[in-house]
Amino acid sequence: MTMAGTRTLSIIKPDITRRNLTGEINARLEKAGFRIIAQKRLRLDRPMAESFYNVHRERAFFNDLCASMTSGPVVVQVLESPDAVLRYRNIMGATNPANADEGTIRKDFAESIEANSVHGSDSDENAVREIAFFFSEIEIVG
Ligand code: GDP
């Protein structure tokens, strides 16, 4: 990593792209001190969604989650800051927006526990794996 900090993988989910709020999320990220050092818009297909969320394969909501994540475009990003994983988890807010703190992205934007606007890696180890799932190193410019 550079002196600028560490990396996390962010996904702006289909509920945000559908409402044309991508720029509002990005403005929040930059105001919170993150550098968006890689970014692309794409549409996940079913195998990609199932692979990305493989850890949740046995969960009751797995099918609905994959359907939701393939329902429209997403914007995948690499965010850089000191303690990027933890800092992004903090500004994302709780998985269920009903439990999210005031001022968090999910409190202000999420439609439901499923359509909850953003994804962020939950550990440095998973961040490395998730970043590699979407990006090659030449696409990441710090
Ligand atoms: P996260 O790390 O806060 O994103 O939460 P998890 O890793 O536990 O879950 C992954 C994603 O699955 C969440 O962001 C939601 O989109 C979805 N999800 C989690 N719990 C539920 C649930 O109980 N029902 C449904 N429909 N979706 C859920």
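Restricting to the range 1-55, and then to whatever is among the acidic types (Asp, Glu) and within 15 Å of the chain's Cα centre (by Cα), can you tell me which residue is least open to solvent (accessible area, probe 1.4 Å)?
Asp15
Quick one: what pairs do we get from the range 41-62, first residue under 26 Å from Asn26 (Cβ atoms), second among the polar types (S, T, N, Q), C-beta under 6 Å, 6+ apart or different chains?
Within 6 Å, the pairs are Leu44/Thr70; Ala49/Thr70.
Residues of the range 49-77 being over 18 Å from Val128 (Cα atoms), assigned to a helix (DSSP H, G or I) and within 12 Å of the ligand (Cβ to nearest atom), which ones?
His56, Phe62, Asn63, Asp64, Leu65, Cys66, Ala67, Ser68, Met69
How many of the residues in the range 96-115 are aromatic (Phe, Trp, Tyr) and in contact with a Lys or Arg (Cβ under 7 Å, 6 or more places away or on another chain)?
Selection size over the range 96-115: 0.
Give all pairs with beta carbons closer than 6 Å in which a residue from the range 4-19 that is free of Cβ contacts under 8 Å to residues at least 12 places away in the same chain and more than 16 Å from Glu137 (Cα to Cα) meets a residue that is surrounded by fewer than 24 Cβ atoms within 10 Å (Cβ to Cβ) and hydroxyl-bearing (Ser, Thr, Tyr); count only pairs at least 6 apart in sequence or on separate chains.
Cβ pairs passing all conditions: none.
Can you give me the number of residues within the range 97-113 that are within 11 Å of the ligand (Cβ to nearest atom), out of contact with any Asp or Glu (no Cβ under 6 Å at 6 or more places or on another chain) and open to solvent by 50 Å² or more (accessible area, probe 1.4 Å)?
2
Between residues in the range 89-118 that are of a type in the set (Gly, Ala, Ser) and residues that are surrounded by fewer than 15 Cβ atoms within 10 Å (Cβ to Cβ), which pairs lie under 7 Å by C-beta distance while being six or more apart or on different chains?
Gly93/Asp101
Would you check which residues across the range 98-142 are among the small types (Gly, Ala, Ser), touching a strand residue (DSSP E or B) at 6+ places or on another chain (Cβ under 8 Å) and outside any loop (DSSP other than H, G, I, E, B) and list them?
Hits for the range 98-142 are Gly120, Ala127.
Which one of these is more than 16 Å from the ligand (Cβ to nearest atom), crowded, with 20+ Cβ neighbours inside 10 Å and touching a residue at least 40 places away in the same chain (Cβ under 8 Å): Glu130, Glu80, Glu139?
Unique residue meeting the criteria: Glu80.
Would the range 3-25 turn up any residue that is out of contact with any Gly (no Cβ under 8 Å at 6 or more places or on another chain), within 16 Å of Thr104 (Cβ to Cβ) and of a type in the set (Gly, Ala, Ser)?
The answer is no, given that none of the residues of the range 3-25 is out of contact with any Gly (no Cβ under 8 Å at 6 or more places or on another chain), within 16 Å of Thr104 (Cβ to Cβ) and of a type in the set (Gly, Ala, Ser).
The values are calculated or read from the model by the stated rules, or taken from the named source; none is laboratory data. What you are looking at is a predicted structure, and each value in this text was computed from that prediction instead of being measured. Counting neighbours? That spans all protein chains shown, and the Cβs are built from the backbone with ideal geometry, glycine included. Heads up: the accessible areas ignore ligands, DNA and RNA and are worked out on the full protein's heavy atoms, side chains in. Shrake-Rupley method; radii C 1.70, N 1.55, O 1.52, S 1.80 Å.
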